[in-house]
Structures are given as structure tokens and as C-alpha cells.
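A short write-up of the structure that comes next.
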Amino acid sequence: MSPSAFKRSLVSKKPPGGLSPALTALWWAGKDDWDKAHEIVMNGSGADCAWVHAYLHRIEGDFDNAGYWYRRARRAKATGGLKAEWTAIVAALL
């Protein structure tokens, strides 16, 4: 799946099948369902879920918690806009 197809899929009621937990969480975040996205990454593991977890805490403005999750993901703290980060994570994980 391409990043543009992933973005187009946001019009659906459910995420596409076969996505990793991190991408599924990003899909819900793309639909502005922070709680559903957060639940997924809270139950997930690995660096990809940690990266999405960091992004979600940036959305809510909890930068200290985001910093913790960026470290767990072994990623630099994002400094750009949230939309740009969402797009970058999608592209990297697809």
C-alpha cells in the first residue's frame, strides 16, 4: 500500500486489513480518534508502536511523555508540524 492509498482509506469506517498495530493506530489517529489509537499502541510493543505513541502524546501536548516514547522508539524528537510527522511515520512504516 502506498502512503497516498493509506490516506485515501481514511474515508472508510474500518482500517484496511493486514496493517501492523502501529499503522492501525496511525489510521485511527488520522480519523481523529486519539483514544482508539492510544489504546492500540498501549497494548503494542516494539519501536514502531513507541514512535506512534510519541506522536500521539505530541498531539495532546504532553511533550515530556512524548520524549519518553521517542527515546523508546530510538527516534529524535519531532520538531515539525503534526501533519508532517503523521505523513513521515506512515511513509516509513509502509
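We did not get these values from a lab; they are worked out from the coordinates using the rules stated. No experiment lies behind these values; they were computed from the predicted model shown. Glycine gets a Cβ as well: all are built from the backbone with ideal geometry, and neighbour counts include every protein chain shown.
So, in Å, what gap is there between the alpha-carbon centers of segment 1-17 and segment 57-94?
The distance from the Cα centre of segment 1-17 to that of segment 57-94 comes to 20 Å.
Using θ = phi - 60° and the Karplus curve 6.51 cos²θ - 1.76 cosθ + 1.60, what whole-Hz ³J(HN,Hα) does each residue of segment 67-83 get, with Gly and Pro shown as x?
Result, rounded to whole Hz: x, 4, 6, 4, 5, 4, 7, 6, 10, 5, 4, 6, 10, x, x, 5, 4.
As I understand it, the dipole of the chain uses +1 on the Cβ of Lys and Arg and -1 on the Cβ of Asp and Glu, about the Cα centre. Which of ALA29, PHE63, PRO16 lies farthest toward its positive end?
PRO16
Taking only the alpha-carbon positions of segment 38-94 and ignoring solvent, what does the Debye formula give for the base-10 log of I(q)/I(0) at q = 0.14, 0.17, 0.22, 0.25 Å⁻¹?
Debye output, listed in q order: -0.30, -0.45, -0.78, -1.03.
Percentage of Cα-Cα pair distances in segment 13-56 greater than 15 Å, rounded to whole percent? Don't skip to the answer; put the middle values down first.
Numbers: 257 of 946 pairs.
Percentage above 15 Å: 27.
If you average the sequence gap of Cα pairs under 8 Å that are 6 or more apart and divide by the length of the chain, what percent do you get for the contact order? Numbers along the way, then the final one.
On the way: 100 pairs, mean separation 25.1, N = 94.
Relative contact order comes out at 27 percent.
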